[in-house]
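The values are calculated or read from the model by the stated rules, or taken from the named source; none is laboratory data. As the structure is a prediction and not an experimental result, all values here were calculated from the model. For neighbour counting, all protein chains shown are included, and Cβ atoms are generated from backbone atoms with ideal geometry for every residue, glycine included. The accessibility values were calculated without ligands, DNA or RNA, using every heavy atom of the protein model including side chains. Shrake-Rupley method; radii C 1.70, N 1.55, O 1.52, S 1.80 Å.
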Amino acid sequence: MKKLKLVMVGNGMAGVRTLEEMLKLAPELYDVTVFGAEPHPNYNRILLSPVLAGEQTMDEIILNPLSWYDAHGITLHLGRPVTRIDRVRRQVVAADGTTAPYDRLLIATGSMPFVPPVPGKDLAGVLAYRDIADTQAMIDAAARYRHAVVIGGGLLGLEAANGLMQRGMQVTVVHLSDTLLERQLDRSASALLRQSLAERGLQFVLGARTQALLGHEDGPSAGRVRAVQLSDSAGRPVELPADLVVVAAGVRPNTALAEAAGLLCNRGIVVTDTLQSVTDPRIYAVGECAAHRGIAYGLVAPLFEQGKVCATHLAQMGIGRYLGSSVSTKLKVTGIDLFSAGNFSGGPGTEEITLSDPHTGVYKKLVIQGDRLVGACLYGDTVDGSWYFQLLREGRTIADIRDQLMFGEAAAGLAQP
Amino acid sequence: MDRHRLDAPPCASSDRAPDKPMSETRSTCPYCGVGCGVVIEHDGQQITGVRGDPDHPANFGRLCTKGTQLHLTATPVVLQHQRLRQPLKRASRGAAPQALTWDDANREIAERLLAIRATHGPQAIGLYISGQLLTEDYHAFNKLARAVINTPHIDSNSRLCMSSAVVGYKQSLGADAPPCSYEDIEQADCVLVSGANPAWAHPILFRRLEAARAQRPGHRLIVIDPRRTETAELADLHLQIRPGTDVALCHGLLHAIIRRGWTAPGFIEGHTEGFEAVKTLVHDWMPARAAQVCGVPEADIWRAAEWFATAPASLSLYCQGLNQSSSGTAKNTALINLHLATGQIGRAGAGPFSLTGQPNAMGGRESGGMATLLPGHRDPARADDWAEIAQLWGVDATDLPGRRGHTAVEMFKAAARGEIKALWIACTNPAQSMPDQALVRAALDRCELVILQEAFAHTATARYADYLLPAATWGEKEGTVTNSERRISRVRAAVPPAGLARADWRIVRDIAALIDAGLGRAPRLAAQTSEALWLEHREATRGRDLDITGLSWATLDRDGPQQWPYVGGATPRLYTSGRFATDNGRARFIARAYQPPAEDTTAQHPFSLTTSRLRDQWHGMSRSGSVPRLFAHQGRPQVRLHPDDAARLQLADGALVQVRSARGELVLPLQLDGNLAAACADIPMHWGDEFIGAQHGVNALTQGTFCPDAKQPELKFSAVAIEPADLPWRLTACVWVAADQGASLRGRLRALMPHFAYAHCLPEPGPDGLVGWCFEAASALAPAPEQVSALVTALGLDRPEVLRYTDARRGRLRLLRLAPEGGQAAPLQALLRIGPHDEGAWLLDLWRSRRPAAAAGRWLLSPSAPPTDAPKVSPQVCNCFDVREDVIRLTLSHCSGSPRDRLAQLQAEQRCGTQCGSCLPALRRLVATTPEEVPA
């Protein structure tokens, strides 16, 4: 009989994981077509940082080689960004005119780097940090140039900065807030992180607003960035030499395509607990481009959870419900152990247990509400992170192990009768 | 030549500045009544060392633990931070005292005393002085009170110490004169120690006793004490009587002596009176009955009686166990009866020998600086004695009070009633040492004017003073003292007084002069030197039993310390002729019926509490408490209880208990002590609120009830209840600081003590230049944030490098700071832990030991102790060389031969007990209980 047609726009981790889950459930249900804007098969974006840092190679981070697509009879269009969704004819159109009809459409276009609208943002040597191309560009620049400035002290920015430093550049991180990773760490942990990154050779200008990127007026490198101009926390102008500027000031869901197709978007393609767009039930969305209950997740764990649920519906086994994820963070900078989950910053109605050992560089904060662990922030020693994350998700009472909680699962075990 | 200047080589042990020229000055030790001679090493400005005076007949060069560390009570740090250095005045009670000049202080004090005198009469002014004053100071105070102010109310803390012995001697022998000499200890065949623990309280005499026993195979030692003290451990026979039953025991002993015909009829006939009455009295006290009352085996009473009566020479040594009692005089006379009945007196090695507690209690008695005494052993109850004094002092008899004044307890009661408006306290600490503290503090509160003349700045009494007058002290004063054997020694100044401090007699003289001037008359206290004062005192002894008119300071300088009476020469022993100091020359048997202690134990108060002394502390610790090393031996506040009683109350060793008497209560950690009898409790007398928090110290519990004859309060017996104190929260705050920061830190910690149900704040001896302070507290609820943050600041635990664990809701907090230097070997510098019960208590040992802290790793912040917890710091035995029990036992395990040989080997290897010897009894016990380990 004639198979249904499933088209996926986007060839990234969330989407491909969804396909894998779906193929497990219903290998023969669809003819699958995949459009990818990048020229690469699905790779592990998370591992770009180790690649940048020279700890892994591009080949090592490929998740699904081309052979995998063949083996599952998937039609793969690499390097062909989709430009239009025709919901009337139920087909997608790529930049090169390639079209593909669908019965079901899965949008997994991920996110795009946000580049603040500052003068000079289009100069040569100004990069975002999103994909293999960006990573390669940074690697090449590191081989030729000395000074790098990373705009943004979030996870991505710090990983980029660390990678470039590993490749021998002098790196300064410029950050709007006065604490690094303010969305992942409390001030104490953030201070420890900054200290140990500084010890590794990173420089920081915190509480600083980027005013402009300045380029070479003439000469061989005319048109290439040469400096970053910013105002420091006291509002004083500062100029940092920069042969390379990496902008890691956050990401935005990549929804242009969906909006053009008239799908309701609000900080992401609005989807239901079944990952269907609220506008067109034939169209599904997963990953960073999807907004579930107002949240567009940027971390891999929730995306995989979405993929699992979405797959059950694509496989016509409409059972799964996605109810959102509680997220935990790890920073992928070798030698720095950092973990945070849930409401680690506490607040009204919460209690805190803190432990700090400056001598071994360990800081831990557990946030408790009504005898339940609701948040954790670990620095320097994260071995118990997964245990805390489990307690946090299970919402189990910790009253009986409270005094041992800080000292990990083993110690708590001791406390059991 | 002037004997007190020596040119001996400087003592190697002294820590003096090498550039300054060394000299040495002979003086005496300011602690107990043994009156040891010391050689003070100094550079003229700073005392740098001390050693025993080899030529002093009391100690022949030996010193006890306290004495060997005397110079540590005069270090620059102590002088700067613990001494009272300038006159201070409080605008109002509780306000911080402000400095003022001597002239202003003297003028204001004179004016206020005159005003009170004018409004309320001289008797509204009371003077409470001390057995630690020199004889010359005593004489000055005596004149100030009776001749200048004209109040009869002058008494001394010797009232708490010796007055029963005074009255006992006077009643039985006719004069307040101990008939014996220390050399009698060597010459006695039988020594009876009653109510004394010389092993700890008079260590040098005990060394002499030990030596004598080693020399004399047949020597007998009988010890009568409710506690099995280290003195009792040396005894051939220990009569562990029920507290307060001494008189019953003596009557039983006398009964046995008479029954067996061990009396000395000739002596009784020839030299005594009143024997028949006593014989009748003790007729009913057959040993069986005495044994029942005293709770000792009857056979022991017979044996003790035989040993004492039949030995060629029997000596009795007694102290507070007899004196601090509501029947103190009866206890003294009952014991003296034994000597009289057996003729054990007036001979070498024989006699009733009262050991004094303070360095110059005797001098105070001689100079009559007490409510019940006049100079030269005169009696304020006798008009003719007053007349003689008036003549001696060159005043009209009608200018003198002419009557007895209030004794210590009476004086504070009168102040509490509002009759006494002004108290002038010198060289003593009644807010720590007087019984029934509730009354004492009410009295101090009610007084219009409290003047405190002190050497040390932070005594419990200082808080109540309107004026604080800085007094010179040991090493800074010239004068004389008399020790237990009637031996007068010169006290000499080696260095100038600390700060603006002045000699006590001079402070008295200056204010007395202003009072005389205010009354428009010539100074009645005109002496310009301490020697001049001594000469006035000497004149008062002319023709009396204590006549020293043959003695001069020149003689003392030339021939050294001398025993009174001294007319033609010194008198080592009294009553050798059999003639006593009574009018008819006969010693008197005193027939006093046994009276049980003033308060009996009841169902509500089932334990009889006694107060005792620690080996390495003295009195209220104003001086000995300034030496951290002296806390190393049993230096923690505790109440001791027999393990069986504790088991019945389900109390574990170290548990906090509440001790409650009819007068007050006190929370203390419990120490199990098998050396106590059942139903007995014991608290060392030293602990006041200087060290154990806002409680009123041990004397919150004790009673003011006193002996009707001697007016000495019953400090040795209080009926108390002991119950668990439900104080689950424990707080420990320890820190090592530079020695010169210790005092201010202690001040901040002490200020926090009132906020806790129990708290103590104790020093910890550290390596050079460091002192540790350990603040431990307990409370029913988690400590309040204000106190916690105050501690955090005080201990410097608000710095970034601090290790911390906090759980605010549970009130659990742990902050640790490692020493800045030392890396991995860095010890724990500061520690604050708050939590339930004794969780993390092991950290205190880690802090104390200064072992590398990093080794403990994550356990430092964990609620549980590390699995391989390092052994607790072993209890210190030898203070001089800081040798601890574990080392001693380890060494003994390979020492072989007789106990004496093994002790010798131990001392050769570890040096313990080879300097002051105070730990010898403990060493002997360890030898006895630690078998040699023969390798298999």
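Just from its helices, what would the mean residue ellipticity at 222 nm be for chain B, if runs of 4 or more DSSP H residues each count -39500 (n - 2.57) and the sum is divided by every residue, rounded to the nearest 500 deg cm²/dmol?
After summing the helix terms and dividing by residue count, I get -8500 deg cm²/dmol.
Would you mind giving the mean number of other chain beta-carbons within 10 Å of the Cβ of each residue in B:854-866, as a whole number?
3
Explain nothing, just the number: dipole magnitude of chain B about its Cα centre with +1 on each Lys and Arg Cβ and -1 on each Asp and Glu Cβ, in debye rounded to the nearest 20.
Roughly 640 debye for chain B.
Residues of the stretch A:316-360 with accessible area at least 20 Å² lower in the all-protein-chain context than alone (1.4 Å probe)?
Listed in order, they are A:Glu351, A:Glu352, A:Ile353, A:Thr354, A:Leu355, A:Ser356, A:Asp357, A:Pro358, A:His359.
Placing +1 on the Cβ of each Lys and Arg and -1 on the Cβ of each Asp and Glu in the protein assembly as shown, which of B:Ala74, B:Pro21, A:Ala212 has its Cα farthest towards the positive end of the resulting dipole?
The residue sitting most towards the positive pole is A:Ala212.
Of the DSSP beta bridges with both residues in the protein assembly as shown, give the percent that are antiparallel, rounding to the nearest 5.
60 percent
Longest span of chain B, sites excluded, free of trypsin sites (Lys or Arg not before Pro) in DSSP loop with at most 16 other C-beta atoms within 10 Å?
Counting only loop sites that pass the neighbour cut-off, the longest clear stretch is B:580-808.
Quick one: with all protein chains in place, what share of the accessible area of chain B is carbon or sulfur, to the nearest percent (1.4 Å probe)?
52 percent
Among A:Gln166, A:Gln229, A:Pro241, pick out the residue whose Cα is farthest towards the positive end of the charge dipole of the stretch A:126-247, where Lys and Arg carry +1 and Asp and Glu carry -1 on C-beta, about the Cα centre.
A:Gln166
Counting alpha carbon pairs within less than 8 Å and at least 6 residues apart, what relative contact order, in whole percent, applies to chain B?
14 percent
Kindly identify residues of the stretch B:797-811 having a loss of at least 40 Å² in accessible area between the isolated chain and the assembly of all protein chains, probe radius 1.4 Å.
B:Leu803, B:Arg804, B:Tyr805, B:Thr806, B:Asp807, B:Arg809, B:Arg810
Treat every Asp and Glu Cβ in the stretch A:328-415 as -1 and every Lys and Arg Cβ as +1, leave all other atoms uncharged, and give the resulting dipole magnitude about the Cα centre to the nearest 20 debye.
For the stretch A:328-415, the charge dipole is close to 300 debye.
Could you tell me the total accessible area buried at the B-A interface, probe 1.4 Å, in square angstrom to the nearest hundred?
1400 Å²
Would you calculate the volume per residue, in Å³, of the smallest convex hull containing every Cα atom of the stretch B:584-741?
Measuring per residue, one finds 173 Å³ for the Cα hull of the stretch B:584-741.
Return the sequence-ordered ³J(HN,Hα) values of the stretch A:30-41 in whole Hz as given by the Karplus equation 6.51 cos²θ - 1.76 cosθ + 1.60 applied to θ = phi - 60°, using x for Gly and Pro.
For the stretch A:30-41, the Karplus curve yields 10, 8, 9, 10, 10, 9, x, 6, 7, x, 10, x Hz.
Sort the stretch B:154-203 into rounded, prolate or oblate with this rule: let a ≥ b ≥ c be the square roots of the eigenvalues of the Cα gyration tensor; rounded if a/c is under 1.5, and if a/c is not under 1.5, prolate when a/b is larger than b/c, oblate otherwise.
Because a/c hits 1.5 or more and a/b fails to exceed b/c, the stretch B:154-203 counts as oblate.
So what's the projected area for the stretch A:126-247, the Cα convex hull averaged over all directions, in nm²?
Over every viewing direction, the Cα hull of the stretch A:126-247 projects on average to 7.4 nm².
Helix by helix, which DSSP H runs in chain B go 20 Å or more along their axis at the Cα atoms and have an average Kyte-Doolittle hydropathy of -0.5 or more?
B:328-342, B:504-518
Using a simple charge model, +1 on the beta-carbon of Lys and Arg, -1 on the beta-carbon of Asp and Glu, nothing else, what dipole does the protein assembly as shown show about its Cα centre, in debye to the nearest 20?
Dipole about the Cα centre, nearest 20: 1000 debye.
Based on the alpha-carbon gyration tensor of the stretch A:35-85 and its eigenvalue square roots a ≥ b ≥ c, which shape applies: rounded if a/c is under 1.5, prolate if not and a/b is larger than b/c, or oblate?
Taking the square roots of the gyration eigenvalues as a ≥ b ≥ c, the stretch A:35-85 is oblate.
When DSSP assigns beta bridges and you keep just the ones with both residues in chain B, what percent turn out antiparallel, to the nearest 5?
65 percent
How much of the DSSP bridge set in the stretch A:126-247 is antiparallel, in percent, rounded to the nearest 5?
If we restrict to bridges inside the stretch A:126-247, about 40 percent are antiparallel.
Could you pull out the trypsin sites (Lys or Arg not before Pro) across the stretch A:1-94 that fall in loop regions by DSSP (anything but H, G, I, E, B) with no more than 14 other Cβ atoms inside 10 Å?
A:Lys2, A:Lys3, A:Arg89
With a ≥ b ≥ c the root eigenvalues of the C-alpha gyration tensor of chain A, is it rounded (a/c under 1.5), prolate (a/b larger than b/c) or oblate?
The shape class here is oblate.
Once R0 is set to 60 Å, what does the formula 1/(1 + (r/R0)^6) return for the Cβ-Cβ distance between B:Ser744 and B:Val934, expressed as a FRET efficiency to the nearest 0.05?
Calculated transfer efficiency: 0.60.
So how far apart, in nm, are the two label points at A:Asp273 and A:Glu55 if each is 7 Å from Cα heading toward Cβ?
Label-label distance for A:Asp273 and A:Glu55, simple model: 3.9 nm.
Ignoring solvent entirely, what values of log10 I(q)/I(0) come out of the Debye formula for chain B at 0.05, 0.10 Å⁻¹ when each Cα is a single scatterer?
-0.28, -1.20
So if I take the centroid of the Cα atoms in the stretch B:133-197 and the same for the stretch B:739-794, what is the distance between those two points in Å?
The two parts, judged by their Cα centres, are 40 Å apart.
Name the longest site-free stretch of chain A, where the excluded sites are GluC sites (Glu not before Pro) in a DSSP loop with no more than 11 other beta-carbon atoms within 10 Å.
Of all site-free stretches, the longest is A:218-417.
Note the direction-averaged projected area, equal to a quarter of the hull surface, for the Cα convex hull of the protein assembly as shown, in nm².
68.1 nm²
Using amide H atoms built 1.01 Å from N in the peptide plane, name the residues 5+ places from B:Gln453, or on other chains, whose amide H lies under 5 Å from its own.
Answer set, sorted by chain and number: B:Ile425, B:Ala426, B:Cys427, B:Leu469.
At a 1.4 Å probe, what is the % contribution of carbon and sulfur to the accessible area of the stretch A:126-247?
On the stretch A:126-247, the fraction of accessible area on carbon and sulfur atoms equals 46 percent.
Once every DSSP H run of n ≥ 4 in chain A is given -39500 (n - 2.57) and the sum is divided by its residues, what mean residue ellipticity at 222 nm do you get, rounded to the nearest 500 deg cm²/dmol?
Result for chain A: -7500 deg cm²/dmol, rounded to the nearest 500.
Which is farthest toward the positive dipole end of chain B among B:Leu609, B:His339, B:Ala743, measuring Cα position about the Cα centre, with Cβ charges +1 (Lys, Arg) and -1 (Asp, Glu)?
B:Ala743
At 1.4 Å probe radius, can you tell me the per residue accessible area of the protein assembly as shown in Å²?
I get 36 Å² per residue for this part.
Restricting attention to the stretch A:249-311, which trypsin sites (Lys or Arg not before Pro) occupy a DSSP loop and are surrounded by at most 15 other Cβ atoms within 10 Å?
For trypsin sites (Lys or Arg not before Pro) across the stretch A:249-311 that sit outside H, G, I, E and B with at most 15 neighbouring Cβ atoms in 10 Å, the list reads A:Arg267, A:Arg282, A:Arg293.
What FRET efficiency would be calculated for the residue pair B:Arg259, B:Asp236, taking the C-beta separation as r and a Förster radius of 25 Å, to the nearest 0.05?
Plugging the Cβ-Cβ distance into 1/(1 + (r/R0)^6) gives 0.65.
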